[in-house]
1. Go through segment B:275-293 residue by residue and tally those that are within 11 Å of chain A (Cβ to nearest Cβ) and in contact with a Ser or Thr (Cβ under 6 Å, 6 or more places away or on another chain).
2. When you check A:PHE20 against the structure, is it of a type in the set (A, V, I, L, M, F, W, C) and touching a helix residue (DSSP H, G or I) at 6+ places or on another chain (Cβ under 8 Å), yes or no?
3. Go through segment A:84-114 residue by residue and tally those that are touching a residue at least 12 places away in the same chain (Cβ under 8 Å) and not aliphatic (A, V, I, L, M).
4. With (1) aliphatic (A, V, I, L, M); (2) in a loop (DSSP other than H, G, I, E, B); (3) surrounded by fewer than 19 Cβ atoms within 10 Å (Cβ to Cβ) as the list, and B:ALA53 as the residue in question, which single condition is left unmet?
5. Output the number of residues of segment A:40-89 satisfying the condition of being among the small types (Gly, Ala, Ser) and under 28 Å from the mean Cα position of the chain (by Cα).
6. Among the residues of segment A:38-95, what is the count of those that are part of a loop (DSSP other than H, G, I, E, B), modelled with pLDDT of 80 or more and surrounded by fewer than 19 Cβ atoms within 10 Å (Cβ to Cβ)?
7. Among the residues of segment B:251-268, is there at least one that is closer than 30 Å to B:LEU198 by Cβ, more than 10 Å from every other protein chain (Cβ to nearest Cβ) and modelled with pLDDT under 90?
8. Being within 9 Å of another protein chain (Cβ to nearest Cβ) and exposed (fewer than 14 other Cβ atoms within 10 Å of the Cβ) is the filter here, so list the residues in segment A:156-189 that pass it.
Amino acid sequence: MMDRYTKLQLVGIYASIVVFLIFILLPFFEMFMASLRPLEHLFRSPYQFWSDDFSFQAYRDMWKTVPLLGRYILNSVFISAMVTGLTMILVIPAAYAYARLDFPFKNASLALFLGVNMFTGAVLLIPLYRVLSSLGLLNSYWAMIVPGVAFLIPTGIWLLRSYLEKIPLELEEAAFMDGASRLYTLRRVVLPLAVPGLIVVGVAVFIGSYAQQFLFAITFNQTREYQPLPAGLFEFIGYQSVTWNEMMAAALTGVLPVMIIFLYLQKYLVAGLTAGAVKE
Amino acid sequence: MVHQQQVKPRRTAPLHLSQGVFASLLIAPAMIFIAVIVAWPLIETFRLSFTDARLGGETYVGLENYQDLADSRKFRQTISRTFYWMFLSVSLKLILGLIGATLLNAAVPGRGLFRVLIMPPWVIPIAIGMIGWLWLYNGAFGLLSGALQYIDVVDKSFEFLAYKRSAFYSAVVADVWVGTPMVSLFFLAAMQGVSRDLYEAAWVDGASRWYRFRRITIPQIMPVIVSMALLSAIWTFNSFEVIWILTEGGPRSASTTLIVDTYKTAIANFKFGEGAARAVIIVILLAIFSLIYLFFLNKVNKHYGVK
């Protein structure tokens, strides 16, 4: 009863949704339209919304123009997956400590972690370059994975901590009373209960890493074979001409795998966030 | 024998591990990682800011870099532009995020689809989204300029990124586009956490939708709004790829924020020392901003009865 809308309200809601979606999806629509236009007609003036010679040719040609395109798409996914794995390994124990244990400098060290959120890679590029260089990590996958992990740890701890706090303490106490060690309790009691939270944090970290590979890639990695998609796309800007239509086609194709995975996971994301990762 | 040895240590020894030691062991890996990759470069940045480091080498110059910045009118403009950029973009993200979350939360058919369709700007690499906006903003063959011509707002093609003011606001719109989906999602999650009983009680009392939104939803999700605002403010302040790909800070510095200025100085012009001084100023400004904000956050949380 309470949720019933009048006809007028329904029209208003759907109209607002449509306006909202136009704003969100407009750039994708524009990229798609550009990818369909033959190159010689991209620059047609005056502006024509509809070209009479739309074709999917760019989706075939792009693999020839940039032979490594497939590799770039996989690199992007691979780098983000590695970042997610490493971040989770570091974040899970730390988040548990902040959610459950009492120890000296607890609040101070947590504040230090969260303080990292104030920096982005762009502020620290020069010294970061030197650190990575002295660790021998430049021009490798690690050059993009390691900084990615460092800047995502704070968000990971912050999200997972509030999720773990919601898990009833009694279960752990019971396990502890039965003589289980702290580590055993964490592994066998807490983590299985935290799976929805782990999925939320994992997805958030993956997206964070996937969205921000560009800067680290162009600064710390010169090896073409290791480049992620956003950096690789700029290869369509050639010496003589820019094959814009193929670039758009490659961009849309390249994000497709992750979009599909995300579409599958998104319901867990909203459910998990609702269940606890955000304090109400 | 063997069996006993395997079981015994697990049952007794770890119990004696004090909470403090156990906690330090759990935190240490993450802490060390951050120390090497973030804290050390930060200290290095601080040191470099007192030198004239370039590609060739570096000598100590004291406060010269900071003195130059303090004397520069252009740099003061960049600071105020950055705060304006942050204020404008974050306000829009919060307002649109609130509207988006309310629409997503409305019990209408098709909201599952809407929830999916709102996500892409958040999920894809920022750099790729910006390629789309670059094309949209193009005067000769972009959709926006074409549409404006079609409805006769402009009589010839309009280059959004070619004029100082339009370039700045175009970058704001693109940045809002990147940030809004995530804000919406977090607000939605918070809204779904609000107890239904509250709404039902108000509904029985005849409270209108708008009243329920204003007096139940907003106060209940206020802590999330406030913490989202801070995070979003810091990210927006440091938003680099959006501006760099769209305008590289131009035309004539009209869209140069502090982070872009820092990158330009240090990476594009190889003035590492001068770049480091700018980086230190970013850190100080953000720290001051966050402290003031957290003070405010505490008050809000107290007001709404959150621990």
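1. 5
2. When the stated conditions are applied, A:PHE20 passes them.
3. Of the residues in that region, 7 qualify.
4. (3)
5. Step one: of segment A:40-89, the residues among the small types (Gly, Ala, Ser) are A:45, A:51, A:55, A:58, A:70, A:76, A:80-81, A:85.
Cutting the leftovers down to under 28 Å from the mean Cα position of the chain (by Cα) gives us A:58, A:70, A:76, A:80-81, A:85.
Residues that pass the stated criteria total 6.
6. We begin by selecting, within segment A:38-95, every residue part of a loop (DSSP other than H, G, I, E, B); these are A:38, A:43-56, A:66-68.
Restricting the remaining residues to those that are modelled with pLDDT of 80 or more gives A:38, A:54-56, A:66-68.
Filter once more, keeping what is surrounded by fewer than 19 Cβ atoms within 10 Å (Cβ to Cβ): A:38, A:54-56, A:67-68.
Selection size over segment A:38-95: 6.
7. There is no residue in segment B:251-268 that is closer than 30 Å to B:LEU198 by Cβ, more than 10 Å from every other protein chain (Cβ to nearest Cβ) and modelled with pLDDT under 90.
8. Scanning segment A:156-189 gives a single hit, A:GLY179.
The values are calculated or read from the model by the stated rules, or taken from the named source; none is laboratory data. In this text the structure is predicted, and so the values were computed from the model without any measurement. Positions of Cβ are backbone-derived with ideal geometry, glycine not excepted, and every protein chain shown enters the neighbour counts.
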